[in-house]
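Q: Here it is: the structure, laid out below.
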Amino acid sequence: MMVSGLAAMLGAPADAQRGTAPNDDPVQTLVTRLDLEKYKDTIKGLTQFGDRRQGTDRNRAAIDWIEAQLRSFGCSNTERLHYDYQPLPQTGQGRGGAAGQRGQSQTAQGGGRPRGIRARTGVNTDPNAQPDLRLRELDSQPSTPGPREEVYCTKIGITHPDEMYILGAHMDGHGWGEAANDDGSGTALVMELARVLSSPDVRTERSIRFILWNNEETGTNGSRAYVTQRQALQGKEDPPGSGKYPEPKWLGMIQHDMMLFDHGMPRADGTVSPEQRPEADVNIEFQENSKFAAQSQSLAWVFAAANEKYATDYPASVGRHMTNTDSGPFQDVVAAISLRENERGVHIGNGWDPHWHQPTDLYATFTDKDFRLGLNAAQTTLAAIAQLTGVSLKK
Ligand SMILES: [Zn+2]
């Protein structure tokens, strides 16, 4: 095989070679345009704003930076959604579970059944837990209630500009770290996809919106505001006769939240392996108790198949307990899935990621094996969305 293949490459005319070249597949060509170093650079860029907590100057500066990056990638029709955020009175129970054990609970958030060893989870609120004084200072401005913004840009479809898939991740974080994994890793993934798909030679039949939610950590307030404000605008040409659709009809929403760390279950002493496990996978979840469960499940399998064909290192697993992320507000309106390092309920919720909402969620915490899991999720979404939107490359 190898010899005859090589002979064919050496001896065949150029046209015949092109017929068998792997880059004849536009999806493959696009996937190869993703790059580990570029992905890492974008995560690193996001960490310059610390934990990017909502309602702070560092959060607003990060939104400005993200918008400038999107425009520099050629996704230049950036817009912002505006909403107001007023926190509910504190109950003492942090989202993502109390700082203590969840006891003998037999059902995880989202509906899964926890197995094996569990470690404690929670949100760090203690500044002094951050030993890096520079970062402690950077993360020190508290959140103020009031107006909020989140940024998006859209690749317009050639033949169906009135229909779109939404690719999302949340850009806000907390915990007195750098929010490198939660959710710099998902935000950078969506930004890298915006870069690749905005290349001037890329055409899609349908539209794709790239959106970086704010206020996820306070209870998906940013994505809820988007659904509330824009659901009824779907598919309307505005102005009439213009061929412009400010809110194309939603075909699916794909969220990316914590993409890097799959080191396995906590050990008996509560610690987690320092190494990415060789069995690491991308977890694609839909919510079985949602109105669009059937459509969401179908979408999840498209992503699993795209992973199998195009992702270079890590496989994907499909689960039915999507929860606690920005695809939630969409799940009764349209097909909605999330991609993650682990299942949110039975894995992350039971302590599989010791950096979750902690001062150790830093760029420097993660290795290339971790970053590569995020890159494989990017390959998965890029390959799936390229096929779903009918991608082609201008010669
Ligand atoms: Zn998150």
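Q: Please pick out the residue among 332, 353 that is touching a residue at least 60 places away in the same chain (Cβ under 8 Å) and in a loop (DSSP other than H, G, I, E, B).
A: Selected residue: 353, the only one of 332, 353 that is touching a residue at least 60 places away in the same chain (Cβ under 8 Å) and in a loop (DSSP other than H, G, I, E, B).
Q: Let me ask something additional. List pairs: first residue in segment 192-218 and more than 16 Å from the ligand (Cβ to nearest atom), second residue open to solvent by 10 Å² or more (accessible area, probe 1.4 Å) and acidic (Asp, Glu) anywhere in the structure, Cβ distance under 6 angstrom, at least six positions apart or on different chains.
A: 206/163
Q: Here's something else I'd like to know. Among the residues of segment 346-382, which ones are under 15 Å from residue 256 (Cα atoms) and among the small types (Gly, Ala, Ser)?
A: Of everything in segment 346-382, those that are under 15 Å from residue 256 (Cα atoms) and among the small types (Gly, Ala, Ser) turn out to be 374, 377, 378.
Q: How about segment 222-328: which strands (runs of 3 or more DSSP E) wholly inside it have at least 3 residues that are buried (at least 18 other Cβ atoms within 10 Å of the Cβ) and of a type in the set (A, V, I, L, M)?
A: Filter on segment 222-328 gives 249-256.
Q: Identify all residues within segment 42-81 that are open to solvent by 50 Å² or more (accessible area, probe 1.4 Å) and either part of a loop (DSSP other than H, G, I, E, B) or over 23 Å from residue 155 (Cα atoms) (or both); write none if there are none.
A: Those that are open to solvent by 50 Å² or more (accessible area, probe 1.4 Å) and either part of a loop (DSSP other than H, G, I, E, B) or over 23 Å from residue 155 (Cα atoms) (or both): 44, 48, 53, 57, 60, 76, 77.
Q: Looking only at segment 223-244, which residues are of a type in the set (Val, Ile, Thr) and either under 18 Å from residue 153 (Cα atoms) or over 30 Å from the mean Cα position of the chain (by Cα) (or both)?
A: Listed by number, the list holds a single entry, 227.
Q: Counting just the residues of segment 126-161 that are crowded, with 18+ Cβ neighbours inside 10 Å and charged (D, E, K, R), which one comes out farthest from the chain's Cα centre (by Cα)?
A: Only one residue tops the list, namely 139.
Q: Specify the residue that is surrounded by the most Cβ atoms within 10 Å (Cβ to Cβ); the eligible residues are those in segment 331-349 that are away from the ligand (no atom under 16 Å from the Cβ) and at pLDDT 95 or above.
A: Among residues in segment 331-349 that are away from the ligand (no atom under 16 Å from the Cβ) and at pLDDT 95 or above, the one surrounded by the most Cβ atoms within 10 Å (Cβ to Cβ) is 335.
Q: I've got another one for you. Which one is farthest from the ligand (Cβ to nearest atom), of the residues in segment 164-186 that are among the aliphatic types (A, V, I, L, M) and part of a strand (DSSP E or B)?
A: Here the residue is 164.
The values are calculated or read from the model by the stated rules, or taken from the named source; none is laboratory data. All values derive from a computational prediction rather than experimental measurement. Note that we place each Cβ from the backbone using ideal geometry, even for glycine, and neighbour counts take in every protein chain shown. To get the accessible areas, we keep the full protein, side chains included, count just its heavy atoms, and leave off ligands, DNA and RNA. Shrake-Rupley method; radii C 1.70, N 1.55, O 1.52, S 1.80 Å.
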